[in-house]
1. Residues of the stretch 147-163 being more than 13 Å from residue 187 (Cα to Cα) and touching a strand residue (DSSP E or B) at 6+ places or on another chain (Cβ under 9 Å), which ones?
2. Exactly one of these conditions fails for residue 95: (1) surrounded by 14 or more Cβ atoms within 10 Å (Cβ to Cβ); (2) farther than 29 Å from residue 187 by Cβ; (3) at pLDDT below 95. Give me its number.
3. Please enumerate the residues belonging to the stretch 197-224 that are out of contact with any helix residue (DSSP H, G or I) (no Cβ under 9 Å at 6 or more places or on another chain) and either assigned to a helix (DSSP H, G or I) or buried (at least 21 other Cβ atoms within 10 Å of the Cβ) (or both).
4. What number of residues within the stretch 1-37 satisfy the criterion of being more than 18 Å from residue 129 (Cα to Cα), touching a strand residue (DSSP E or B) at 6+ places or on another chain (Cβ under 8 Å) and not in a loop (DSSP other than H, G, I, E, B)?
5. Filtering the stretch 105-145 down to residues that are in contact with a helix residue (DSSP H, G or I) (Cβ under 8 Å, 6 or more places away or on another chain) and not in a strand (DSSP E or B), which residue is modelled with the lowest pLDDT?
6. Within the stretch 30-46, can one find any residue that is touching a residue at least 60 places away in the same chain (Cβ under 8 Å) and over 21 Å from residue 194 (Cβ atoms)?
7. Can you work out which of the residues in the stretch 154-176 that are over 16 Å from residue 93 (Cα atoms) and either modelled with pLDDT under 85 or out of contact with any helix residue (DSSP H, G or I) (no Cβ under 8 Å at 6 or more places or on another chain) (or both) is surrounded by the most Cβ atoms within 10 Å (Cβ to Cβ)?
């Protein structure tokens with residue numbers, strides 16, 4: 001069966017069938033990579049990849065970012081290793097709830113992520129979908145005055161800020177990305193290093209804009225986020241066990257949708273490091 005690429009009705013995303021991600025031919029990989037740059041989010045139904053196969057597929061996009069020491073594949077789950085549900089007020093459950101806000105992965109550390117791979121293993125009966133928003137199409141739809149206003153603006157990105165905003169106080173060293181270092185500074189408009197397309201680089205971690213007072217910055221960032229995350233620029237994926245999704249953190253936002261936390265939901269995440277030349281924060285050392 002030949003590889004088939006079916007774009008979604010939104011401005012981003014495509015579903016790819018007729019391919020086995022665990023045994024790709026060179027031609028299939030070339031087509032997948034081209035689709036990745038064109039559609040920014042790819043969905044592969046019924047792959048049922050092993051942990052090793054998921055990691056091997058992710059490595060095709062670049063070096064792996066280790067989120068938890070010794071774990072290149074990280075469970076995004078409301079359960080323990082033994083399958084017990086996490087307490088609603090536990091630290092990790094608060095992080096999961098934070099993921100329900102629009103964001104791009106690792107924008108809050110010196111080297112932002114290039115891509116992410118996510119697989120579905122255990123799903124609740126209702127809810128628990130994931131949404132993606134097209135920051136490329138959002139920039140293209142901005143009026144000229146707004147483009148001029150934001151052309152040279154940058155924003156600090158902070159996980160402390162985004163979690164505190166939802167009522168979750170986090171201590172330094174309490175989890176991945178929680179550092180006392182100065183929050184990474186990133187441009188509001190990011191030019192994709194491969195396609196050359198500009199995109200809004202925003203989301204819930206964007207905390208402040210140098211040279212702008214906090215109220216004005218918060219209003220601008222909220223307006224840009226609301227503008228970005230609306231049809232036809234958003235796509236919602238209803239997971240089925242065995243699905244694989246991969247997305248480009250350099251030009252899309254994503255978020256988890258709510259579900260009944262009394263039911264287990266287990267997805268597995270693999271994150272690909274950004275290229276140092278293009279994903280290093282403006283205020284970070286030259287070598288990350």
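1. 158, 160, 161, 162
2. (2)
3. 214, 215, 216, 217, 218, 219, 221, 222
4. Within the stretch 1-37, residues that are more than 18 Å from residue 129 (Cα to Cα), touching a strand residue (DSSP E or B) at 6+ places or on another chain (Cβ under 8 Å) and not in a loop (DSSP other than H, G, I, E, B) number 12.
5. If we take residues in the stretch 105-145 being in contact with a helix residue (DSSP H, G or I) (Cβ under 8 Å, 6 or more places away or on another chain) and not in a strand (DSSP E or B), then 108 is modelled with the lowest pLDDT.
6. yes
7. 157
The values are calculated or read from the model by the stated rules, or taken from the named source; none is laboratory data. All values derive from a computational prediction rather than experimental measurement. When we count neighbours, we look across all protein chains shown, and the Cβ atoms used for this are built from the backbone with ideal geometry, even at glycine.
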